[in-house]
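Colleague: First the structure, which I've put down as structure tokens, then a few questions once you've had a look.
The values are calculated or read from the model by the stated rules, or taken from the named source; none is laboratory data. Keep in mind the model is a prediction, meaning the values are calculated, not measured. Here Cβ is always computed from backbone atoms with ideal geometry, including for glycine, and neighbour counts include all displayed protein chains.
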Amino acid sequence: MNQGYLEKKKAIVEAIDALRPIVEDIAVSLYQNPELGLEEFYAVSKLTHILEEHGFCVRREIAGLPTSFSAQTGNKTPRIAFMAEYDALPEIGHGCGHNLIAASAIAAAIGVKECLPPEEVDVTWLVLGTPAEETIGGKVVMTEAGVFSNIDAAFIAHPGQTYSLGGTSWASHPIEITFHGKSAHAGGNPEAGINALDACVLAYIGIRNIKNHLRDGVRLAGIITHGGDAPNIVPEKATCRFTVRAKDSHYLEEIVLPRVKQCALGAAQSVGANVEFRHYEPLFRETLEHPVLASIVADNFGYLGQELPKPEPEDGGGVTDVGNVTWETPCIQISFATTDARGHSREMANDTVTPRAIEATLTAAKVMALSAFDLLYFPGRLEEAQNYLRARHEKN
């Protein structure tokens, strides 16, 4: 291997090791100041201040989201982005480790900027601040607004129990179904009313049974969120919500959701009610795996001496807004081992500020930075990744 190439990789590792105080500062300060989606003003101020101190030009409120940002250095191609998340969970705080996602993205970007400065190398380094992953899916909104249309490749790292290449996720498009009937005295003259709850219950049972007529790899789970106001009043309004998931977004949109709506319409007609539908979350697409990026990332885990466990059989059902990005540009979400605790727990939140977590976050930043360098050093690999994405679009 070319000596200059190896020396540059070593320099990137050393540069990121030197950023340990920044990584720890981000992890601890966001842990101590958790903020929900679209309320992450402290986090954005903290992260953008660090980036500006290191020579990045920051734009805020990208795609109309008040807590999004884009930090850029350089103005040539390729344009390579590291994605940061920083929203927390209600009551739990950073039980999904988004404080570490932010820290790893910042460290990776500063590391490559210091070792491969845009004034010396044809490149643009970016950090994209993507808010509200846990709620509206900020990356979905940003993708639809064209934020990723001129990005040549993107990286993100998610903490958890193991190191891995990330893998896939499912498509999701949750739906709210509201039935409208007519109120009446349930004891005196129930026949004068139209029972919206009856329609809702029929729909709930029917939708739960639809799965028997669909492919494997579909999830239909729901709750009734409103069933009336008093037992002696015929309910004039009833509402249920369903999480609707599938391995393939086309199958989800073209087959599963129409079947769900058909079932609800039939239930409404059976009691004489009306029905309306509303998607209370956007379409989260399934994550497209990019073999070129996976190969590069695996090599860099190996370069750092980090062994990857054998992939376990896919259990499925998970959803992330990174999926939408993977259909827009070559993108990979790696995983790094920070804890033995389950996700979305207070135990995991507490583990994000341990020495183990900080060390793992530095490893994740190094893997992303080294992989970005490989795309720069071997432009044919980047072209191969982009051609793969074009071929997948043609196939779909």
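Colleague: Restricting to segment 217-252, what's the tally of residues that are in a helix (DSSP H, G or I) and crowded, with 16+ Cβ neighbours inside 10 Å?
Modeller: 3
Colleague: Okay, moving on. Would you confirm whether or not segment 22-40 contains a residue that is hydrophobic (A, V, I, L, M, F, W, C) and exposed (fewer than 14 other Cβ atoms within 10 Å of the Cβ)?
Modeller: No: zero hits.
Colleague: Cβ contacts < 7 Å: first residue in contact (Cβ under 8 Å) with a residue 40 or more places away in the chain, restricted to segment 83-102; second residue part of a loop (DSSP other than H, G, I, E, B) and of a type in the set (A, V, I, L, M), any location; separation 6+ or different chain. Result?
Modeller: Pairs found: 87/36; 87/132; 88/36; 90/36; 94/88; 98/88.
Colleague: So, in segment 151-183, exactly how many residues are part of a loop (DSSP other than H, G, I, E, B) and of a type in the set (Ser, Thr, Tyr)?
Modeller: 5
Colleague: Scan segment 125-147 for residues that are farther than 17 Å from residue 279 by Cβ, of a type in the set (A, V, I, L, M) and either touching a strand residue (DSSP E or B) at 6+ places or on another chain (Cβ under 6 Å) or in a helix (DSSP H, G or I) (or both) and jot them down.
Modeller: Result: 126, 127, 128, 142.
Colleague: Condition check: within 15 Å of residue 39 (Cβ to Cβ), in contact (Cβ under 8 Å) with a residue 60 or more places away in the chain and not acidic (Asp, Glu). Does residue 137 satisfy that?
Modeller: no
Colleague: Among (1) at negative phi; (2) in a loop (DSSP other than H, G, I, E, B), there is one condition residue 31 misses while meeting the rest; what is its number?
Modeller: Checking residue 31 against (1) at negative phi; (2) in a loop (DSSP other than H, G, I, E, B), the one that fails is (2).
Colleague: I'm trying to understand the selection: among the residues of segment 148-158, which are over 10 Å from residue 333 (Cα atoms) and touching a helix residue (DSSP H, G or I) at 6+ places or on another chain (Cβ under 6 Å)?
Modeller: Answer for segment 148-158, where residues must be over 10 Å from residue 333 (Cα atoms) and touching a helix residue (DSSP H, G or I) at 6+ places or on another chain (Cβ under 6 Å): 148, 153.
Colleague: Among the residues of segment 323-339, how many are surrounded by fewer than 24 Cβ atoms within 10 Å (Cβ to Cβ), under 20 Å from residue 162 (Cβ atoms) and hydroxyl-bearing (Ser, Thr, Tyr)?
Modeller: Looking only at that region, the number is 2.
Colleague: Among the residues of segment 184-199, is there at least one that is without any contact (Cβ under 8 Å) to a residue 60 or more places away in the chain, surrounded by fewer than 20 Cβ atoms within 10 Å (Cβ to Cβ) and assigned to a strand (DSSP E or B)?
Modeller: Yes.
Colleague: State which residue pairs qualify: first residue assigned by TED's automatic domain parsing to the domain that holds residue 217 and more than 30 Å from residue 319 (Cα to Cα) and inside segment 248-277, second residue of a type in the set (Asp, Glu) and crowded, with 18+ Cβ neighbours inside 10 Å in any location, beta carbons under 7 Å apart, and separation of 6 or more residues or different chains.
Modeller: Sorted first by the residue in segment 248-277, then by its partner, the pairs are 271/198.
Colleague: Another question, if that's okay. So which residues in segment 78-118 are out of contact with any Gly (no Cβ under 8 Å at 6 or more places or on another chain), part of a loop (DSSP other than H, G, I, E, B) and of a type in the set (A, V, I, L, M, F, W, C)?
Modeller: Once the filter is applied, which keeps residues that are out of contact with any Gly (no Cβ under 8 Å at 6 or more places or on another chain), part of a loop (DSSP other than H, G, I, E, B) and of a type in the set (A, V, I, L, M, F, W, C), segment 78-118 yields 92, 116.
Colleague: Inside segment 346-383, can you point out the residues that are of a type in the set (D, E, K, R) and farther than 18 Å from residue 300 by Cα?
Modeller: Within segment 346-383, 346, 347, 351, 356, 383 meet the criteria.
Colleague: Among helices (runs of 4 or more DSSP H) lying entirely in segment 283-396, which contain 1 or more residues that are of a type outside the set (Asp, Glu) and touching a His at 6+ places or on another chain (Cβ under 9 Å)?
Modeller: Because the criterion is at least 1 residues that are of a type outside the set (Asp, Glu) and touching a His at 6+ places or on another chain (Cβ under 9 Å), the helices (runs of 4 or more DSSP H) in segment 283-396 that meet it are 322-326, 346-351, 355-377, 379-395.
Colleague: When only residues in segment 55-73 that are in a loop (DSSP other than H, G, I, E, B) and either in contact with an Asp or Glu (Cβ under 8 Å, 6 or more places away or on another chain) or not assigned by TED's automatic domain parsing to the domain that holds residue 148 (or both) count, which is surrounded by the fewest Cβ atoms within 10 Å (Cβ to Cβ)?
Modeller: Ranking the qualifying residues of segment 55-73, first place goes to 67.
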